[in-house]
2 protein chains.
Amino acid sequence: MLRRYLPVLDWGRRYDRATLASDLVAAVIVTIMLIPQSLAYALLAGLPAEVGLYASIVPLLLYTLLGTSRTLAVGPVAVASLMTATAIAPLAARGTPEYLGAAVALAVISGLMLLAMGLMRLGFLANFLSHPVISGFISAAGILIAAGQLPQLLGISAGGATLPAIAAAIAAGIGFTNPATLAIGTTALGFLAWARRGLAPRLRALGLGARPAAVAARAAPILAVAASAAAVWGLDLQAAGVAVVGRIPAGLPMPALPSLDPALWTALAVPALLIAVVGYVETISVAQTLAARKRQRIDPDQELVALGAANVGAGLAGGFPVTGGFARSVVNHEAGAETPAAGAYTAVAMAAATLTLTPALYHLPKATLAATIVVAVLTLVDLGAVRRTFAYSRADGVAMAATVLITLGAGVEPGILAGVALSLALHLWRTSRPHVAVVGQVAGTEHFRNVNRHEVVTVPAVLSIRIDESLYFPNARFLEDLVLDAVARDPSLRHIVLMCPAVNEIDASALESLEAINARLHEAGVRLHLSEVKGPVMDRLERSRLLHTLTGQVFLTQFDAMDALAPEITRATLAAPRRDTRRRAQAAR
Amino acid sequence: MLRRYLPVLDWGRRYDRATLASDLVAAVIVTIMLIPQSLAYALLAGLPAEVGLYASIVPLLLYTLLGTSRTLAVGPVAVASLMTATAIAPLAARGTPEYLGAAVALAVISGLMLLAMGLMRLGFLANFLSHPVISGFISAAGILIAAGQLPQLLGISAGGATLPAIAAAIAAGIGFTNPATLAIGTTALGFLAWARRGLAPRLRALGLGARPAAVAARAAPILAVAASAAAVWGLDLQAAGVAVVGRIPAGLPMPALPSLDPALWTALAVPALLIAVVGYVETISVAQTLAARKRQRIDPDQELVALGAANVGAGLAGGFPVTGGFARSVVNHEAGAETPAAGAYTAVAMAAATLTLTPALYHLPKATLAATIVVAVLTLVDLGAVRRTFAYSRADGVAMAATVLITLGAGVEPGILAGVALSLALHLWRTSRPHVAVVGQVAGTEHFRNVNRHEVVTVPAVLSIRIDESLYFPNARFLEDLVLDAVARDPSLRHIVLMCPAVNEIDASALESLEAINARLHEAGVRLHLSEVKGPVMDRLERSRLLHTLTGQVFLTQFDAMDALAPEITRATLAAPRRDTRRRAQAAR
C-alpha cells in the first residue's frame, strides 16, 4: 500500500553508484536547459522571473518521491504559463502582490484537484479531452504564445489574450520599436532557430558523438542567455532602452500558505481544473512515450497524485502551476536519467543556481527570454494535423478546427471548453445514429447478412434488424424511431427480431425504450424478439421486467429465431444451393 | 418539401364529415379538461389565470398546421409551469408587468430554440437527457409542485423553490390556516382523488359504456370548479377569507412583441433551453406512444418545428411556455380525435370560453385549482423507479437518485443539470473501461475465445486481445494503458494482435492511440497486428497513415493472424480433438 503511493520505496532500494552517475549527468544537462526556461515561462505567466526558479525546486523533489515515470521532468511549461496568465488577468494587475497570490493559489487549487482525482481514481475524467481537441488546443496556444512574444522582441509594451487583440496591440505600438532590443531579439532568435537544427551536426563535425552532440545542443538557450547578458552589461544597452530581468531577490523561497479567500478560489476553480486536466494529459502522454521505450510502466492514477503534490508544493513554495515538460523530459531521457532521483538532483542544482546566479541574471534582456519561448513553442504548432484529422474523420476535424479558431479568436478557456463541448456533442451525435442493418438468410447457410450488401432471403411478415452498437441513452430514441417507423410503413409485419451480437451493453434508457417498443408493438399486433444476446447483457436483462413482458422470445441465434417464426422458408433456404454472397455493387451503408 | 413542413397539406386533403364529427367530440371533451388546467398552471407559473387561457389558443392552432402527431394536445403543463416560475423568480416580482414580460420572452426564446433545433435537425440533442434522469426529474418536480400547492390549500401565503424551503414556509405559516379555504381545498381534493378512480365505475354502473365513462370522468375538475365557485358565491366565502381568481380581463389577447432586452434573453437562455428540451422529450414520448397504437408515425424533427412554433405563438399571444400534455393527449386520443384538427377546434372552444366564461370564474377559489394540480401531478411521481433502475444498472440508478435529490433539495435547474452532467460522466466512465478479453484458439476449431471462460491454446510470444467496444476518445487512453502494461509485464512478448469484430468505429483519438501504441511497441521490439476489422472501419483506416506505419499486418480473421505468427501451434491445435469449450467455473469478466 505504502509502496503504491511512494514508488521511491521500490526503485530506491536498488539504487547504486552507476545509476547515481547516470542520474547526475542527466540532472546537470536538464538544469542548464531549465534555468532559461523557468525564467522565461515565469515572465510569460506575468510573474517575476524568480518565481520560475522557485517552481523548479520543490515540485521536482515531490515528483521524485511520488512519480512512477523514471524520466519525466516536471516544472514550468509554456501552455500552463499562458493559461495561468489568462486565468489571473481578470483578477489582479501584473506586478501586484495580488497577482502573485492568485498564481500561488492557482497552483495549490489545481494540485488539490489532481490529488483528489488521483486518490478517487478519477483519471478517466481526462478522457473528456479528445486527441483532436487537445492537439488543436496546443497548436493554437503555441501560436498565441509566440505572437504574444513579438512585442518583447520589438521592445514595445503590448499584450492581449487573443490573436486579434495581440495583432492590434502590435500594430499600435510598432512605431515605438526599440532598435537595440530588436537587434538582441532577432540575433537570439536566429541563433536559437539555427541551433535547433544546425548545432548538433556542427558539434558532431567537431568530433562529438551523435547523442552527446544532440544533448549538448540543448545548451544553446543558456549560451544565448549568457552572451546577451554580457552584451547588455558590456555595451551598457540598458541605457539604449533594452528591458532586462533586473534585480532578483537572493535566497530560496520561504514556504507560505496561499490565500484562502473563497471568492478567489471560486474564480480560479474552472481555470485550475483546465490547467490540471491539460497538464495531466500532456504529462501522461510524455511519460507513457518515454516509459514504453524501456518497457517500463507508469501508473496513470499515481501520476495524478504525483503531479498534484508537485503543484501543491509549487504553490506552497511561492511558485506557479507546473507540468511534465515534453522537450525537457526527452532531454532527461536521452541524457541517461535512470530514476526519478535525477529530478531531485536537478532540484538541488536549481536551488544552487537560485542562490548563486541571480546577480548574473540582472543584465539578462527580456528579449532573449522571449526568443527562447518563441523557438520552443513553435515546435508545438502542427496545423497540418487539422487537415489530416478532417480527412480521416470529419467530426473530429470539425472539433479540432473549432478548438483552434476559438482559442485563437476568443482565448484559451473558451477554446478548450468549446472543444470539449463540441467533441462530446459530436460523439453523442454519432452514437445516436448507430449503424443498423436489415438482415436476411444467406441461401445454403445459417448465416444472416445485410440485405443491402448480400443476396439474402427474407420473409415479409418478419423484419430482422442487426444493431451494430451498444444500446444506451444516446441512441435509445433512435431505436424507437427506427422500429416504429418500420411498423408504420409495412402493415403486413407480424414479427420484429432485434439481432444483438454487437450490443455490448443495454443501459436503463435503452431498457425502457425496449419496454416501450414492446408495449407499442403489442398494441399494433406485432411481436418483438431478440436474438444472439451476449452473456453479460442477458445476465442483466434477467434482472429486469422486460423478459416477463416481452411478447416474443429470446433466441440463441438468428437462425433459431427465423426457424421458429418461418420454418418452411428457413429450411428451404438452408437446403438451397449457396448463393453468391459477395457485396452488391450498389451496397448502401 | 412544403408538405414535409406543413403536414396539414397531407391529412387535410382526406378530411371528411365522419372525421369532423370525431374531432369535434374530442375537442369538446379536451376543452372541458383544459379550462381548469390552463387556469391552474398559469397560477402555478406565478402568472394571472387568464394567461393560461391565452396559452391554450394560438399554440393549438399552430400545432394543428405543423404537427405530425394526430392526437397530441399541446398547452400549459405542470412541469413547464414550475420551471417557468423558477426561471423568472430571480428576475422579477410576481404580479409585476416585468414578470409577465419575462414569461412571454421565455416562451419565445424556448420556441426559437426548438425551431432552430428542428430546422437544423438537432433533435439528437435531446438524447443528452437519459431516461433515468428525465424520469427522476419528473417525479421530483411532481413532488415539488404538490408540496408547493399545500399553502394554497391551507389558505396561507408561502412559497419556495425547494422542498426544505417549502416545508419551512408551511411550518411558519400553518398557524394562519384559513378554515373556509381548508374546507374547500380538502373537499375538492377528496372529490378529485376519488373521481380519478371511482367516477368511471360509477358512471358505468349508471349505464354508460366503458370508454364514454372513462372520458366523462375527466370532467371531474370542471365540476369541482363550478361547484366551488357556486359555493363561494352563494355562501359569500370571500368574506371568510377564501382567495379567489378574481377579475379576469374580458376579450382575447392582443398580439404583442416580447421584450428584446439582451440582458433578459441572456438570463433566460439556460432555463429556456431546459424547458425546451424537457418539454420536447415529454412531447415526443407521448406522441410516439399514441401514434404507435394506430401504426401511425411521427417525425421527431418536424415535432421540434411544431412545438417551437407553438411556443413562439404562445409568447406572441401573451402566454407562457407550452408542451404536449400526457393526460390531455390520452383523453384526446380516447375521445376519438383522428386528426390535428381536433386541436384547432379545442382552440376555438377555448377562445369562446375566454370570451364568455370569465365573469363566472370570478368566484373560483384558488384552493380548488390547487387541488386539481395536486391530483394531476401526483400521477407523475414514481419513486419506485429509482429502486428498479438501480437493481438493473447501478450507474443509472445513481444518476436518477441524484437527479431526484438535487431537484428536491436545490431546485429544478440544478437538478436537471446535475442529472445530465452525471449521466454523461457515468457514460464516459463506463465506456472508458470497455470489456476486453485475452483470447486463445479452441482446440479442433478456427475459433478464438476468452481465455478466462474457455479452454483454449495460447502462445507466449503472441498476445491476442479482443476489444468489445468501439475505439473512441473515452477509451483511447485505456487501450494505451492496457497494451503498454501487457508489454511491460511480459518480456517474452513479440506480437500483439488486436481482434476487432466488435469495434464499430475508430475515431481520430483512437487512431492516434493506435499510432502511438504502434510506435511505442516498435521501440520495445513488439509488432502490432489487427484482425477481423469491419468493412466501414477498414475503409477509414485506409485513409490514414496507420496502415503505412503499422509494424505488423491486418488479418482478415484471427485464425489467419495466428496461422501467420505461430503456424506450427495453430495447425497442431486445429488437428487436435475439439476440447471442452464450456465456460470455466471460475470465469472472470
What angle do you read, to the nearest 10 degrees and between 0 and 90, between the alpha-carbon axis of helix B:262-293 and the longest principal axis of chain B? 80 degrees
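Give the relative contact order (percent, whole number) for chain A; include only Cα pairs under 8 Å separated by 6+ residues. Let's see the in-between values first.
On the way: 1075 pairs, mean separation 128.6, N = 589.
22 percent.
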Relative to the other copies, what are the label-point distances for A:Gly384, with labels 7 Å from Cα along the C-beta vector, expressed in nm at one decimal and sorted shortest first? 6.5
Copy-to-copy label separations for B:Pro97, where each label sits 7 Å from Cα toward Cβ, in nm and ascending: 5.3
Roughly how big is the protein assembly as shown's charge dipole about its Cα centre, with Cβ charges of +1 (Lys, Arg) and -1 (Asp, Glu), in debye to the nearest 20? 1740 debye
Between A:Val438 and B:Ala352, what is the spin-label point distance in nm, taking each point 7 Å from the Cα along the Cα→C-beta axis? 4.7 nm
Taking r as the C-beta separation of A:Gln553 and A:Arg489 and R0 as 30 Å, the FRET efficiency to the nearest 0.05 is 0.80
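Do you know the relative contact order of the stretch A:256-399, to the nearest whole percent, from alpha carbon pairs under 8 angstrom that are 6+ apart? Present the calculation step by step, with values, prior to reporting the outcome.
Details: 53 pairs, mean separation 28.1, N = 144.
Relative contact order here is 19 percent.
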Calculate the mean, over all residues of peptide B:285-293, of how many other protein chain Cβ atoms lie within 10 angstrom of the residue's Cβ. 5
Longest principal axis of chain A (C-alpha) makes with the long axis of helix A:163-173 (C-alpha) an angle, in degrees to the nearest 10, of 30 degrees
Mind putting a number on the dipole of chain A about its Cα centre? Charges go on the C-beta only, +1 for Lys and Arg and -1 for Asp and Glu, and I need it in Debye to the nearest 20. 1520 debye
Express in whole angstrom the spacing between the alpha-carbon centres of the stretch A:116-187 and the stretch A:299-316. 25 Å
Within 10 Å of each residue's Cβ, count the other Cβ atoms and sort B:Glu455, B:Glu282 from fewest upward. B:Glu455, B:Glu282
Identify, for chain B, the residue whose C-beta comes nearest the rotation axis onto chain A, and round that distance to whole Å. B:Ala502, 3
Top positive-direction residue, dipole computed over the stretch B:436-575 with Cβ charges, set B:Leu541, B:Val456, B:Val483: B:Val456
Along Cα→Cβ at 7 Å, what distances in nm separate the B:Gly535 label point from those on the other copies, shortest first? 3.0
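Could you order the peptides B:218-224, B:486-492 from most to least packed, using the average number of other C-beta atoms within 10 Å per residue?
On the way: B:218-224: 20.9, B:486-492: 13.6.
Most protected by this proxy first, the peptides run B:218-224, B:486-492.
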Only helices counted: for the protein assembly as shown, with every DSSP H run of 4 or more residues adding -39500 (n - 2.57) and the sum spread over all residues, [θ] at 222 nm is -20000 deg cm²/dmol
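Using the crude model of +1 on Lys and Arg Cβ and -1 on Asp and Glu Cβ, and no other charge, please compute the dipole size for the stretch A:167-274 relative to its Cα centre, in debye to 20. Mind showing how you got there, number by number?
Details: 7 positive and 2 negative charges, 134 e Å.
Dipole magnitude for the stretch A:167-274 comes out near 640 debye.
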For chain B, take the longest principal axis of its alpha carbons; what is the angle in degrees between that and the long axis of helix B:341-356, to the nearest 10 within 0 to 90? 30 degrees
Restricting to bridges with both residues inside the stretch B:436-575, how much of the DSSP beta-bridge set is antiparallel, in percent to the nearest 5? 40 percent
Average other protein chain Cβ within 10 Å of Cβ, residues B:430-436: 4
Once Lys and Arg get +1 and Asp and Glu get -1 on their Cβ, which of B:Val281, B:Pro253, B:Val225 lies farthest toward the positive end of the dipole of the stretch B:188-306? B:Val225
Could you let me know the centre-to-centre spacing of the stretch A:1-41 and the stretch B:228-289, using Cα atoms, in angstrom? 68 Å
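First select every other residue whose beta carbon is under 13 angstrom from the beta carbon of A:Ala92; then total the charges, Lys and Arg +1, Asp and Glu -1. Each step should come with its number before you reach the end.
On the way: positive: A:Arg94; negative: A:Glu98, A:Asp261.
Summing Lys and Arg as +1 and Asp and Glu as -1 gives -1.
What percent does the relative contact order of the stretch A:436-575 come to when contacts are Cα pairs within less than 8 Å and at least six residues apart? Could you put the intermediate results ahead of the total?
Details: 241 pairs, mean separation 35.4, N = 140.
RCO, the stretch A:436-575: 25 percent.
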Average other protein chain Cβ within 10 Å of Cβ, residues A:529-537: 1
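We did not get these values from a lab; they are worked out from the coordinates using the rules stated. As the structure is a prediction and not an experimental result, all values here were calculated from the model. Every residue, glycine among them, receives a Cβ derived from its backbone with ideal geometry; neighbour counts consider all protein chains shown.
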